[in-house]
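Student: Input: one structure, supplied below.
The values are calculated or read from the model by the stated rules, or taken from the named source; none is laboratory data. Computed from a prediction, not measured in an experiment: that's the story for all the values here. Neighbour counts run over all protein chains shown; Cβ positions are idealised from the backbone, glycine included. Each accessible area value is taken on the protein alone, full model and side chains, heavy atoms only, with ligands, DNA and RNA left out. Shrake-Rupley method; radii C 1.70, N 1.55, O 1.52, S 1.80 Å.
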Amino acid sequence: MENETYFLMHKDIKVASMQIDDNGNISKLRKNNDTSDHLPIGGQMNDIKFHEWWIDRAIPKTRHGAKNALEKLGYQSTSSALVNNLALSLNDCYWIRPRGENLKWDEVNLFKNDFVDNFGELTFDNNYKIDIRSKTRFDSATSQGELQKKWCIDKDRKRIMIKGNYGDSCQQSLNEFFATALHEKQNYDNFTSYYPINIKSDSGRDTIGCYSFNFCNENVESISAWEVLQTAKIKQNESLFYPFKKACISLGISEDEFYHFMDYEIMTDFLITNTDRHMNNIAILRNPDTLKVIGMAPIYDSGNSMFYKDSIDELRCKNLKEIKTNSFIVKEIRLLSYVKDRKAVDLSNTDVDFNEIYSLDIKERHNRIEILEKLYNSKRAMLDAFQNGKDIWKYKVL
């Protein structure tokens, strides 16, 4: 089959044309110089960066349940799923329009039009029945991460993201509730709240998932730190923190605003041992019409925390100064060296009820609760020493 030509659109602004094959690969990219400001930030530097932006837009092929979903929907790859659904997203206002079609943003965007996220539904339920009557071409196909996820529209027509867990444990969802409670105790306002919802586990057991409301809409789009970093020059083996800071400031975020957010996020992530604050789990917000950066996106995706993958034996011998993380640098404790305001977190308001939250997990994991609380309190003691001027990453013993 001959490659088809598509226009990359930002709402109704044509920013580029390209050919796309059946596997979602692009070629013959031609950028529109008259609308270059509306090109994705991550694809403005050169064609290689643009290709990387396009690849990153697709659902990861490692998404839990992706193989089954692809087979059931008849897609060759997650990239071909992306193309078939016009590369629409609930994170931004980019999409692709086939040449020869007169589709408008108003007709296709997921923020206002009904949709069924069949791909997401199938990652939760192998036996999900696709209702042909409600099948739409404009499914959401661009959420990131390996965990099973699906977009839905609630009774008030708000867009919500539902997330599951690995295996029968629901600790990843419970971790989101814990993080929510922590932020509420801090009276911090720039975070995403997560709420419980009943789902099925991999084995078919009734369990708890979580959901959150979308913080993007037609007037607010999200740009990941990964994409922002495509504009930066990064030296070999250099930490990504300072290039990200420089890029954010160049886009209009003040240095004070940057540190106010990052100081708080780094320290609360340290408390809950969030080891997955990678560059797609940090973002900035932008107005898609004026292209003006609004600020840092709310904290989101804190589920891969609280030692959720560790066995009980591993928890009992955990060295809290040797934890590795997927973030700006590998060693978690070294992230504290980036903090400017050590008092950005109020340690007197970090007491969260462990039993109330983690007793909701399967009974086989209830013996973890006491140890998790002990480890959390040890982290609080470490942060207390840090807040009192001690560079704790420099010492073997606190």
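Student: Take residues that are open to solvent by less than 60 Å² (accessible area, probe 1.4 Å) and out of contact with any Phe, Trp or Tyr (no Cβ under 7 Å at 6 or more places or on another chain) and tell me which of the helices (runs of 4 or more DSSP H) falling wholly in the range 299-398 contain 2 or more.
Tutor: 354-358, 369-387
Student: For the range 73-168, list the helices (runs of 4 or more DSSP H) that sit wholly inside it and hold at least 1 residues that are open to solvent by less than 30 Å² (accessible area, probe 1.4 Å) and at pLDDT 90 or above; which are they?
Tutor: Of the helices (runs of 4 or more DSSP H) lying wholly inside the range 73-168, those with at least 1 residues that are open to solvent by less than 30 Å² (accessible area, probe 1.4 Å) and at pLDDT 90 or above span 105-108.
Student: Still on this model: Considering only residues that are in a loop (DSSP other than H, G, I, E, B) and open to solvent by 10 Å² or more (accessible area, probe 1.4 Å), look in the range 40-56 and name the one that is modelled with the lowest pLDDT.
Tutor: 45
Listed here are the residues, each with its yes/no results for (1) under 25 Å from the mean Cα position of the chain (by Cα); (2) touching a residue at least 24 places away in the same chain (Cβ under 8 Å).
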position: 280; (1), (2): yes, yes
position: 283; (1), (2): yes, yes
position: 289; (1), (2): yes, yes
position: 292; (1), (2): yes, yes
position: 302; (1), (2): yes, yes
position: 330; (1), (2): yes, no
position: 336; (1), (2): yes, yes
position: 363; (1), (2): no, no
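Student: State whether one or more residues within the range 15-31 are open to solvent by 30 Å² or more (accessible area, probe 1.4 Å), touching a Ser or Thr at 6+ places or on another chain (Cβ under 6 Å), of a type in the set (A, V, I, L, M) and outside any loop (DSSP other than H, G, I, E, B).
Tutor: No, that holds for no residue.
Student: Next question. Going by what's in this entry, would residue 314 be described as more than 18 Å from residue 188 (Cβ to Cβ), in contact with a Pro (Cβ under 9 Å, 6 or more places away or on another chain) and not aliphatic (A, V, I, L, M)?
Tutor: Judged against the criteria, residue 314 is not a match.
Student: Now, a different point. What pairs come up if the first residue lies in the range 4-19 and is free of Cβ contacts under 8 Å to residues at least 12 places away in the same chain, the second is hydrophobic (A, V, I, L, M, F, W, C), and their beta carbons are under 6 Å apart, counting only those six or more places apart or on different chains?
Tutor: none
Student: Sticking with this one: If I ask for residues that are open to solvent by 20 Å² or more (accessible area, probe 1.4 Å) and not in a strand (DSSP E or B), which ones from the range 280-297 would you list?
Tutor: Residues satisfying the conditions are 280, 287, 289, 290, 291, 292.
Student: Could you check the range 235-246 and list, in sequence order, the residues that are in contact (Cβ under 8 Å) with a residue 40 or more places away in the chain, open to solvent by 10 Å² or more (accessible area, probe 1.4 Å) and closer than 15 Å to residue 224 by Cα?
Tutor: The one that is in contact (Cβ under 8 Å) with a residue 40 or more places away in the chain, open to solvent by 10 Å² or more (accessible area, probe 1.4 Å) and closer than 15 Å to residue 224 by Cα: 240.
Student: Answer yes or no: is there a residue in the range 273-295 that is touching a helix residue (DSSP H, G or I) at 6+ places or on another chain (Cβ under 9 Å) and of a type in the set (Ser, Thr, Tyr).
Tutor: Scanning the range 273-295 turns up at least one residue that is touching a helix residue (DSSP H, G or I) at 6+ places or on another chain (Cβ under 9 Å) and of a type in the set (Ser, Thr, Tyr).
Student: Turning to a different aspect of this structure: Out of all the residues in the range 84-108, which are touching an Asp or Glu at 6+ places or on another chain (Cβ under 8 Å) and polar (S, T, N, Q)?
Tutor: Answer for the range 84-108, where residues must be touching an Asp or Glu at 6+ places or on another chain (Cβ under 8 Å) and polar (S, T, N, Q): 85, 91.
Student: Additional query: Only one of (1) surrounded by 17 or more Cβ atoms within 10 Å (Cβ to Cβ); (2) under 25 Å from residue 287 (Cα atoms); (3) of a type outside the set (Asp, Glu); (4) modelled with pLDDT of 95 or more is not met by residue 249, so which one is it?
Tutor: (1)
Student: Looking at the range 84-110, I want the residues that are within 22 Å of residue 212 (Cβ to Cβ) and have a partner that is open to solvent by less than 70 Å² (accessible area, probe 1.4 Å) and in a helix (DSSP H, G or I) with Cβ atoms under 7 Å, at least 6 apart or on another chain. Which pairs are those?
Tutor: Between residues of the range 84-110 that are within 22 Å of residue 212 (Cβ to Cβ) and residues that are open to solvent by less than 70 Å² (accessible area, probe 1.4 Å) and in a helix (DSSP H, G or I), the close pairs are 88/108.
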